[in-house]
Amino acid sequence: MGQTSSSTAEPNGRDVDLRLWSSGIFAGESFNLGDGGGARDFTGDLPDECLAHVFHFLGAGDRKRCSLVCKRWLRVDGENRHRLSLDARPEMLPFLPAMFTRFDSVTKLVLRCDRKSVSLNDQGLAMISVRCSNLIRVKIRGCREITDLGMEAFAKNCKKLKKLSCGSCNFGAKGLNAVLEHCRLLEDLSVNRLRGIHESAEQVQLRSSSVLRICLKELVNGQVFEPLVAGSKTLKTLKIIRCLGDWDKVLQMIGDGNSSLSEIHLERLQVSDVGLSAISKCSNVESLHIVKTPECSNTGLISIAEKCKKLRKLHVDGWRTNRIGDEGLMAVAQHCLSLQELVLIGVNATHTSLAAIASKCSKLERLALCGSGTIGDAEIACIANKCEALRKFCIKGCPISDVGIEALAVGCPNLVKLKVKKCRVVTGEVGEWLRERRRSLVVSMDGDDTLDSNSGDGGVLETAVEESDPPAAEGAVAEASGSGNNVNNGSRLAMIRTKLGFLAGRNLVACTFRRWSNHGDDVSSGQL
């Protein structure tokens with residue numbers, strides 16, 4: 001019960017030095033910070049805002065230990081804690097008033113309960129909503145005791161809510177309709193395995209004109225969202241992943257030519273060329289993922305290419321069904337001249353279509369070719385010769401050899417990252433040879449001890465080309481923190497030393513800060 005942390009288990013001895021647990025500290029008196037620290041509390045010269053800024057770079061565990069140092073640190077931590085993650089079990093109910101009296105500035109809240117445990121009920125959710133009326137982001141996971149009535153009470157009190165993510169809960173369409181009715185600022189709605197809508201006759205209606213993003217995942221009766229999806233004129237992003245039922249009808253409802261949709265992600269759905277043809281009427285689409293939809297073929301992709309000429313990102317996982325190939329890719333090359341990112345998985349593209357894309361899509365910067373039996377050395381050489389703007393290139397599970405890799409030594413002049421995986425004929429020696437020839441190029445191959453980090457657009461590309469199932473929704477455990485940014489530990493320490501250089505040389509509560517370099521990154525993506 002209480003706050004949970006995303007930090008991994010740490011060795012013994014991580015507890016705060018008991019010497020800090022003195023009556024003088026809690027009385028706000030000065031104390032000795034080390035052998036050379038004297039009797040003065042150097043943090044007393046720091047404004048509360050500066051101290052709070054330091055706290056924002058700490059993990060949940062260190063931040064909780066800092067709050068035990070003195071009354072001032074306890075107060076500053078509470079006043080500036082904007083994110084809170086709770087183990088939402090009924091045992092916490094008596095502690096909620098005191099908890100949210102201390103953390104009165106929380107705007108991002110995670111309520112998570114193990115599937116084997118009894119969760120917080122409607123009464124607890126209503127109590128939280130009364131004391132945290134300024135919530136803007138909420139994630140609810142595994143809280144099976146929360147019903148439609150609890151969600152309705154929550155929505156009436158939290159009218160500033162902008163993002164709601166719920167999964168493995170038992171409430172249904174009635175609860176979601178209450179949220180859409182009362183939370184008029186809602187922009188982002190993510191629904192995952194919501195049991196309450198499995199057999200629901202009620203539909204999720206359009207009651208808010210501000211919805212920008214909808215993500216539906218693993219739903220049995222996801223078609224109840226049709227009025228919301230079809231009626232929202234402000235909708236920018238639509239993701240439908242592993243949801244049962246026929247989705248062609250829903251997609252036909254949104255393809256009226258006036259849609260503002262710019263990003264569409266369809267994965268493991270019963271959708272055909274009829275649905276893709278409907279999507280093609282959304283002329284503002286810039287990013288499209290067609291992943292493991294076996295009924296989609298070249299015909300649907302051609303419709304997309306001919307009408308969605310603003311397309312910048314295209315991911316196609318053909319699932320080795322051979323229904324999408326050269327014919328559809330040739331249409332992409334002819335019409336999608338602004339294409340910047342192309343990911344082909346299980347698509348048997350040949351030299352004909354790849355040469356057309358390389359020649360006509362002059363802005364192509366990121367390319368991934370995975371699991372194709374028709375892509376060999378000749379195709380890689382063609383890309384090397386013609387893709388002058390290419391910066392990031394991933395080849396996985398294709399029958400290429402060292403000859404194809406050698407072609408990249410003189411081609412693709414702007415290439416900065418190359419990843420070659422599961423290409424059995426490619427040897428490690430050619431990777432070393434390529435590194436010697438192009439020292440600015442980061443090369444990642446099977447057996448490398450050090451892999452290039454996934455950052456920026458590269459991270460997106462690396463994730464897209466994975467052939468395994470996509471990861472679970474937005475992390476396993478959220479961390480309580482006052483900062484919404486995810487920064488690696490090296491940059492955290494560097495920023496603090498830069499901004500607070502006058503304190504860098506002092507032994508500032510060493511027992512609390514000594515483990516900064518060992519902490520993991522905050523859980524994002526998702527990301528409340």
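The values are calculated or read from the model by the stated rules, or taken from the named source; none is laboratory data. It should be emphasised that the depicted structure is a prediction, and the values quoted were computed from it without experimental measurement. When we count neighbours, we look across all protein chains shown, and the Cβ atoms used for this are built from the backbone with ideal geometry, even at glycine. The protein model used for the area step is the full one, side chains on, heavy atoms only, and it has no ligands, DNA or RNA in it. Shrake-Rupley method; radii C 1.70, N 1.55, O 1.52, S 1.80 Å.
Worth pointing out:
- Signed unit charges on C-beta, dipole axis of region 58-138, positive-most listed residue Cys132, Thr101, Gly59: Gly59
- Subtracting the Cα-Cα distance of Leu244 and Asp45 from their residue separation scaled by 0.36 nm leaves 65.6 nm.
- Rounded FRET efficiency, nearest 0.05, which uses the C-beta distance separating Thr101 from His198 and R0 of 51 Å: 0.85
- Listed residue (Gln223, Gln270, Leu186) projecting farthest to the positive dipole end of region 164-300, Cβ model: Leu186
- Model label sites at Asn284 and Val410, defined 7 Å from Cα along the beta-carbon direction, differ in position by 4.7 nm.
- Checking every one of the trypsin sites (Lys or Arg not before Pro) in region 93-184 against DSSP loop status and a limit of 12 other Cβ atoms within 10 Å picks out Arg115, Lys116.
- The stretch between Arg115 and Arg184, if pulled fully straight at 0.36 nm per residue, gains 21.7 nm over its current Cα-Cα span.
- When the surface is traced with a 1.4 Å probe over the full set of protein chains, Cys132 keeps roughly 10 Å² accessible.
- Distant-in-sequence amide H partners of Ser272 (H built 1.01 Å from N, under 5 Å): Asp248
- Residues whose amide H falls under 5 Å from that of Leu408, counting only those 5 or more places apart or on a different chain, are absent, with hydrogens built in the peptide plane.
- Scanning residues 5 or more positions from Lys421 or on other chains, those with amide H under 5 Å from its amide H are Ile395, Lys396, Gly397, with H placed 1.01 Å from N in the peptide plane.
- FRET efficiency for the Ser133 to Ser260 pair, using the beta carbon distance and R₀ = 30 Å, is estimated at 0.45.
- Tensor-based shape of region 179-326 (alpha-carbon gyration tensor, a/c under 1.5 rounded, otherwise prolate or oblate): oblate
- A probe of 1.4 angstrom, applied to the heavy atoms of all protein chains, finds Glu187 with accessible area near 70 square angstrom.
- Förster radius 60 Å - calculated FRET efficiency between Gln252 and Ser440 (Cβ-Cβ, nearest 0.05): 0.80
- Leu288 accessible area, 1.4 Å probe, all protein chains in place, Å² to nearest 10: 0 Å²
- The stretch between Gln334 and Leu93 holds 80.6 nm of extra length on full extension. This uses 0.36 nm per residue minus the Cα-Cα distance.
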